[in-house]
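Laboratory data are not the source of any read-out in this text; all were calculated from the coordinates shown. Model, not experiment: these values are computed from the prediction. No Cβ is skipped: glycine too gets one built from the backbone with ideal geometry, and neighbour counts run over all protein chains shown.
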């Protein structure tokens, strides 16, 4: 079963994370992003011009993806590696 997250909740969470990170370290963190899974399972992050190849992103255990799915992707490490955490309606 895929977890589905409302877009407004995602936006609210992003604003909270940004505010807290600025208070704690004085810098904004990289924020979670909404993305679309392409036909070849590459991940197209909204606002990015180039897809992330399927072999270059990770999924939380139990999360499955299919072409056309909208998902929440959280950046890790250098901001170029993503983990898909669940589906978005």
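Ordering 48, 82 by the number of other Cβ atoms within 10 Å of each residue's own Cβ, fewest first, gives 48, 82. Taking a point 7 angstrom from the Cα of residue 31 along the C-beta vector, which residues in the stretch 68-89 have backbone N less than 14 Å away? Flagged as within label range: 73-75. For residue 60, project a label point 7 Å along Cα to C-beta. Then give me every residue of the stretch 67-89 with its amide nitrogen under 12 Å of that point. Answer for this model: 72-74, 83-88. If each of residue 50 and residue 74 carries a label point 7 Å out from its Cα toward its Cβ, how far apart are those two points in nm? Roughly 2.6 nm, to one decimal. Diffusion coefficient of the stretch 33-89 by Stokes-Einstein, Kirkwood radius over Cα pairs, 20 °C, 1.002 mPa s: 195 µm²/s.
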